[in-house]
Structure formats: C-alpha cells, structure tokens
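Following: one structure in structure tokens, then a few remarks.
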Amino acid sequence: MKINVGVIFGGRSVENEISVITAAQTMAAIDTNRYNVVPIYISKEGHWYTGDKLLNTDNYRDLKSLLASVEEVYLRPVYGDNHLYKVRKPLFGSDVVSTLDVILPALHGTSGEDGSFQGMVEMTGIPYACPNPLASANGMDKITMKMILKESGIPVVDYAWFSDKEWLSERDSVVERCEALSYPLIVKPANLGSSVGIKAVHNREELVEAVDNAIKYSKRVIVEVLIERLKEINCSVLGDYYDCEASVCEAPVRSGEILSYEDKYLGGGKNKPSEGMHSTVREIPAQLPDEVTEFIRKTACKTFRVLACDGVSRIDFMINEATQEVFVNEINTIPGSLSFYLWEATGVSFSELVDRLIAVAFKRKRDSEFKTVSYSENIFAYQQKHGAKLGGAKGSKR
C-alpha cells in the first residue's frame, strides 16, 4: 500500500508564499508510485485546507477563489488519531478526508519552523520529517541559537541582544551596548528568516531606524558585528542526531552588503516567477580551499548535532576574507526548497531526498516508542489500597 504523505505549508508567517513554493517543488518531486500526496495549506489567518487545486501555484494568484474551492480541515490533538477531518461535517457519511501516515512540513518562519507546529503534531503521534519542538525553537531564535553554539565551541560573531520593551524604555543604554561592538553592524529580528527585517547600519541614526523596523516583526532583536569583506557559504545537513552527512557547499551571490530577500527569491529577475531558494544566483560547488570546505562541512554537522536536529537543515556560514575566520551565521531547520539544489549537486536527487526525510521521520517515531512517557501505576488507586495520604502542594511527600 502507498504511504499517505501530508505536505503542510503556508502558515501565519511573512514567509507564507515562499513556503508555498517549497511545497510545490517538494510535491512535484514525490514518487507517486510509492506515496499518496495530501496537500495541506495553512492560510495567513491560520485555517487549514486540502484539495488538488492546492498543487498548482498559479491558483494562489486569486487566493480567495482558491480557498472557496477546497475543503477546510483540521487535525485533532489526540494521540493515535491520524485522520484529517472536514470542518463542515456532512449530514451523511464520514467527516474524514484522509489519513496521514507521515507529515512532511514545508513551513518557514513563525508558527511553522519555530516549534509551535511541531508541538501540535507531537500531540497526535504522527511521524513528521523535521526537528522536534525544542530543536526547532532553538534553531529559529537567533539569540538562543548563538548562545548554544558559543557554549559548544562553535564560532559565531560578537553580538548584543535586547527585547522590544527594553528598546522602548531603555533606548540609550541599548544603543550604548550595540555601539560597543563598533560599526558597521547588522540588525535582525530574532526569529525570522528569508532576510525579512534585516538591515546593515553604519551610524546611530541608521541603527535606530533599523531597530524600530525590526521590532515590528519580533519581540527580541539581535545586533551583530557586520563583516565587511564577507563571503557567504551555505551547507546542508541531512539525517538525525546519530547519523548525518553534509552536502557540497554553495556561495550565494548578493547584490549588496547582505543577502537580501530579493537576492534569495528573485535572483532570476523580478519579471520571472520565483522558484524559492532555487532562484538564488549561486556558485556551486563553492570555490574554496579544500581545508576550508572540510572545516565548514564538519562544523555544519556539529551544529546540526548540537542543536539536536532531524531531517534536512541548511547552515549558513560567513567567511571574513580579511582574516580568513569562519563563523556560523544561522541554521534553517526547514530550509527554502528543502535545499534540494545542494543535494542534487551532491548526487542525491530531490525524489531520493524526500525518501530519506520520510525514513528519518519513521525512524524517530520508532525510537520514541522505546522511551517511557508515563507510568501505568495509578497513585490514587495506590492511596486507596495502602491507606497512604497523598498531599497537595503543601501536603506530605510520602
């Protein structure tokens, strides 16, 4: 029998459209001789839909008409229930649209890549092919990620961070902390991707303007030292904590000081349809000395393991060409286009990449079944049988 694969995409995120592109590429690559594809789109308002019309990206030009022509659905957060249910229940017949054997998330950004979606799926017990809630949350938050990497001996650039409340109430002291790093700097929302809200700054006026913009997107902001003679390198990692491997490296081509949203997704020109991260103009494999390539690939795997990731991720690096220092910039736990272009260059087809992601999801599910998550003993029955008194918060600990 074929495996039912729920490809979930969209979401309440500024990266909704990029997620649609990633999902379309993924669903086109899935071997339909082995799998049944169940497309599930999450709207910007947070409603879930399924239907064959979701497979064609042209239909998203008129989103209102598209959503009116497909079925609104939901998952029940009940362990062991892998059914997808209709919101509008029929008078007769079943309200089950489909069953999901495995979930392949193609979500980017908030409410999808940050652990919230993964936590909901954990409640159902359905296997899913991306990092767990903790790994996703740590990977999504640039501040927490850098703290963990620095503690683990993985090189990151110097940085400062603060909350939106601090910025609004203690602006002068926050500015002083940032300026202690020395200009030029780069300002980033802590939990967004796709270069949204990111800006290079060279003086106090630009810093204030950039932070005022960044706090529109995130509660926390990170400010980092900007490497002026910068070469950016990306490397993907596939597998799990115990067994993973790195792809070839790429060097994306940027048009300015930083790799912008337009560089990533409109590299083919604004008059051409975006192909997600596949649209980026890139040098692949990146032309680097062998020892630098090897260091990056090993560090990519170490980053993947330190953050306890599963599935496929893309780790972005920065090389200071003035000093030849290499730093980890960030990890993308559900990368744009699932980094298939990096794996194709490594000798793994997109179809095989999907196969391996699904295998990782099932393996993690099997491994989890050997762990104890609850006790069969009932402490209330024990109390009645043995006459023990079990106190509340202020009671006995016997």
Quiz item: What is the residue count in region 185-227 for residues that are more than 28 Å from Val20 (Cβ to Cβ) and among the basic types (Lys, Arg)?
Solution: 1
Practice problem: Identify, by number, the condition in (1) in contact with a Phe, Trp or Tyr (Cβ under 9 Å, 6 or more places away or on another chain); (2) among the aromatic types (Phe, Trp, Tyr); (3) assigned to a loop (DSSP other than H, G, I, E, B) that Phe92 doesn't meet. | Solution: (1)
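Go through region 286-320 and count every residue that is among the aliphatic types (A, V, I, L, M) and part of a loop (DSSP other than H, G, I, E, B).
Of region 286-320, the ones among the aliphatic types (A, V, I, L, M) are 286, 288, 292, 296, 300, 306-308, 312, 315, 318-319.
In the following step, the residues that additionally are part of a loop (DSSP other than H, G, I, E, B) were identified as 286, 288, 307-308.
Count: 4.
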Practice problem: Give region 220-235 a look and list any residue that's farther than 30 Å from Ile284 by Cβ and modelled with pLDDT under 95, or say none. | Solution: none
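Give the residue, chosen from Leu75, Leu104, Leu66, Leu84, that is of a type in the set (A, V, I, L, M), in contact with a Phe, Trp or Tyr (Cβ under 7 Å, 6 or more places away or on another chain) and either closer than 23 Å to Gln25 by Cβ or surrounded by 13 or more Cβ atoms within 10 Å (Cβ to Cβ) (or both). Outline the logic, then answer.
Numbers: Leu75 fails: in contact with a Phe, Trp or Tyr (Cβ under 7 Å, 6 or more places away or on another chain); Leu104 fails: in contact with a Phe, Trp or Tyr (Cβ under 7 Å, 6 or more places away or on another chain); Leu84 fails: in contact with a Phe, Trp or Tyr (Cβ under 7 Å, 6 or more places away or on another chain).
Result: Leu66 is the single residue among Leu75, Leu104, Leu66, Leu84 that is of a type in the set (A, V, I, L, M), in contact with a Phe, Trp or Tyr (Cβ under 7 Å, 6 or more places away or on another chain) and either closer than 23 Å to Gln25 by Cβ or surrounded by 13 or more Cβ atoms within 10 Å (Cβ to Cβ) (or both).
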Quiz item: On the given criteria, is Ser374 surrounded by fewer than 18 Cβ atoms within 10 Å (Cβ to Cβ) and over 21 Å from the mean Cα position of the chain (by Cα)?
Solution: yes
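Give region 63-80 a look and list any residue that's in contact with a Gly (Cβ under 8 Å, 6 or more places away or on another chain) and either in a loop (DSSP other than H, G, I, E, B) or not assigned by TED's automatic domain parsing to the domain that holds Ser98 (or both), or say none. Can you show your working first?
Here is the first cut: in region 63-80, the ones in contact with a Gly (Cβ under 8 Å, 6 or more places away or on another chain) are 69-71, 79-80.
Residues satisfying the conditions are Ser69, Val70, Tyr79, Gly80.
Against the condition more than 26 Å from Ser43 (Cβ to Cβ) and within 21 Å of the chain's Cα centre (by Cα), how does Ala135 come out, does it pass? Outline the logic, then answer.
Details: more than 26 Å from Ser43 (Cβ to Cβ): yes; within 21 Å of the chain's Cα centre (by Cα): yes.
Considered against the rule, which asks whether it is more than 26 Å from Ser43 (Cβ to Cβ) and within 21 Å of the chain's Cα centre (by Cα), Ala135 comes out as yes.
The values are calculated or read from the model by the stated rules, or taken from the named source; none is laboratory data. Predicted, not measured: the structure shown is a model, and the values here were computed from it. Glycine also receives a Cβ, built like all others from the backbone with ideal geometry; neighbour counts cover every protein chain displayed.
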